[in-house]
Amino acid sequence: MPPSSLLPSHVTLGILGGGQLGRMSAMAAARLGIEVIIYCPEIDCPASYVAKETITAAYDDEAALRDFSEKTNVISYEFENIPIKTVEYLEKLKPGSVLPERTLLDVSQDRLKEKSFLNGLNIETVRWKEVKTIEDIEQACHEWGSKSFVIKTTRFGYDGKGQVKGNSENILEDQDLEAFLNAAKDQALIMEEFSAFDYEISVIAARDKHGKTEFYGPMLNEHKNHILHKTTVPCGSSEAVIKKSREIAERIANAVNLAGVLTVEFFVCNSDTVLVNEIAPRTHNSGHWSIDACCVSQFENHVRCVCGLNVGSPGRHSDSGMLNLIGSDIKEIDGYLTQENACIHLYGKKDIKDGRKMGHITTLTKMT
Ligand code: AMP
């Protein structure tokens with residue numbers, strides 16, 4: 001962490017990863033006078049257009065990582081699949097300056113570690129089990145007395161990738177399940193009970209070096225093809241759900257002595273039971289509305305907290321609906337350009353691909 005005597009304008013923040021989260025973080029940093037250097041293996045990444053400098057190199061290129069470390073005071077990351085070895089190497093070069101601290105990254109990269117970590121903090125999740133074979137799956141169904149389940153790879157799954165749904169009544173005839181197990185033969189797998197949740201929410205916690213924590217949400221999240229489609233704030237949950245979800249996010253933030261932002265995704269079941277689905281050691285798609293509806297966005301608070309500045313108030317001045325532009329949705333942009341109260345964010349991605357997040361629209365309405 002930079003010495004607290006440094007003015008923000010004397011801080012250079014390094015960000016590992018150059019996607020839209022890095023891009024919006026760099027834009028928030030610029031507002032505070034903080035310069036950003038992006039480190040990303042891909043050329044022309046979305047964040048590169050708004051940063052002072054981009055180092056284009058592989059995550060195991062030690063010379064490039066040394067250069068990155070020498071040019072920056074603090075290093076953070078914008079997505080959770082940064083190799084742990086990269087983070088360890090940078091930590092050795094600059095102890096205490098890679099934030100949020102590694103435990104959170106390590107836990108969120110592996111669904112088995114993540115579930116054990118959460119349950120160890122007395123935080124409820126769906127029932128789960130490590131599985132390898134069809135017999136393991138059958139046995140879990142028997143033990144749990146439940147029918148529907150999801151099998152997921154433990155690593156590198158996102159937006160519904162690396163998972164398959166199944167049912168205890170036709171395990172042996174299920175060709176999708178068989179194909180999934182064959183394809184994932186060498187990978188660790190987790191089986192989760194399928195949650196017949198009422199709806200999904202998320203909470204974003206921002207915690208600074210003094211341990212002060214602020215929250216965005218909970219937000220109501222709706223998915224299409226496993227990808228976040230729409231986020232609504234306020235979420236319409238009961239006070240009990242709001243309180244429980246924030247309390248859980250705070251418990252996780254304190255457990256890892258968070259400096260930065262983390263996101264917790266929940267299933268809300270039976271009206272007011274909250275089960276954690278997963279955690280992300282970073283800003284989140286469900287918090288994009290905060291750029292337009294709050295004085296201090298999730299991105300600014302992330303930058304503030306990793307750079308040793310005080311966390312800001314996430315209070316909002318408007319209610320919001322955030323709609324993702326996925327793949328060819330971006331072709332509808334003309335309509336949004338003339339829509340009242342629509343705040344448009346495009347990520348500068350040149351190629352349209354199925355399932356690719358191209359931008360988002362936040363619509364502001366009067367607070368209820
Ligand atoms: P994940 O990548 O684990 O966040 O899963 C993506 C989405 O799949 C979630 O947001 C849920 O909509 C759905 N999903 C994942 N796991 C489960 C589960 N155990 N029960 C019901 N739905 C699930």
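The values are calculated or read from the model by the stated rules, or taken from the named source; none is laboratory data. Because the structure is a prediction, the values reported are computed rather than measured. Glycine gets a Cβ as well: all are built from the backbone with ideal geometry, and neighbour counts include every protein chain shown. Ligands, DNA and RNA are excluded from the accessible area calculation, which covers all protein heavy atoms including side chains. Shrake-Rupley method; radii C 1.70, N 1.55, O 1.52, S 1.80 Å.
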### Query
In angstroms, what radius of gyration and Dmax does the chain have, counting Cα atoms only?
20.6, 65
### Query
In the calculated pair distance distribution of the range 82-220, what percentage of Cα-Cα distances lie above 20 Å?
58
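When only Cα pairs under 8 Å and 6 or more residues apart are kept, what is the percent relative contact order across the range 8-98? Show your work: numbers first, answer last.
Numbers: 170 pairs, mean separation 29.3, N = 91.
Reported relative contact order: 32 percent.
Net charge around residue 111, counting only other residues with Cβ within less than 14 Å of its Cβ (Lys, Arg = +1; Asp, Glu = -1)?
Net charge around residue 111: -2.
If 258, 32 are ordered by their accessible area, calculated over protein heavy atoms with a 1.4 Å probe, which sequence runs from highest to lowest? Could the numbers behind the result be given before it?
Numbers: 258 5, 32 50 Å².
Accessible-area ranking of 258, 32, largest first: 32, 258.
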### Message
I'd like the distance separating the alpha-carbon centroids of the range 235-264 and the range 76-107, in whole Å.
### Response
22
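As a check on your grasp of the helix formula, calculate [θ] at 222 nm for the chain: sum -39500 (n - 2.57) over DSSP H runs of n ≥ 4, divide by the residue count, round to the nearest 500.
On the way: 11 runs with 104 residues, N = 368.
Helices in the chain give a 222 nm mean residue ellipticity of -8000 deg cm²/dmol.
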### Task
Using a cut-off of under 20 Å, list every residue of the range 314-341 whose amide N is near the label point 7 Å from the Cα of residue 351 along the Cα-to-beta-carbon line.
325-331
### Task
Rounding to the nearest 20 debye, state how big the charge dipole of the chain is about its Cα centre with +1 on each Lys and Arg Cβ and -1 on each Asp and Glu Cβ.
1060
### Query
For residue 210 and residue 135 in the same chain, what is the full-extension length gain: residue separation times 0.36 nm, less their Cα-Cα distance, in nm?
22.0 nm
### Message
Which order do you get for 273, 362 if you rank them by accessible area with a 1.4 Å probe, largest at the top?
### Response
273, 362
### Message
Sort 65-72, 129-136, 18-25 by the packing proxy (mean of other Cβ within 10 Å over each peptide's residues), most packed first.
### Response
18-25, 65-72, 129-136
### Query
What percentages, rounded to whole numbers, describe P(r) for the range 8-98 computed over all alpha carbon pairs with 5 Å bin width beginning at zero?
3, 16, 29, 28, 18, 6, 0
### Query
What FRET efficiency do you get for residue 155 and residue 53 if R0 is 45 Å and r is their Cβ-Cβ distance, rounded to the nearest 0.05?
0.90
### Task
Determine one quarter of the surface area of the Cα convex hull of the range 125-201, which equals its mean projected area, and express it in nm² to one decimal.
5.3
## Note on the structure
Once the in-chain neighbours fewer than 8 apart are removed, the aspartates and glutamates whose Cα is under 18 Å from residue 185 read 110, 130, 135, 136, 138, 174, 176
### Query
Quick one: if the Förster radius is 25 Å, what FRET efficiency do residue 143 and residue 198 give, using the C-beta to C-beta distance and rounding to 0.05?
0.50
### Query
FRET efficiency for residue 122 and residue 313, Cβ-Cβ distance as r, R0 = 25 Å, nearest 0.05?
0.30
### Summary
In Å³ per residue, the alpha-carbon convex hull of the range 294-368 encloses 108
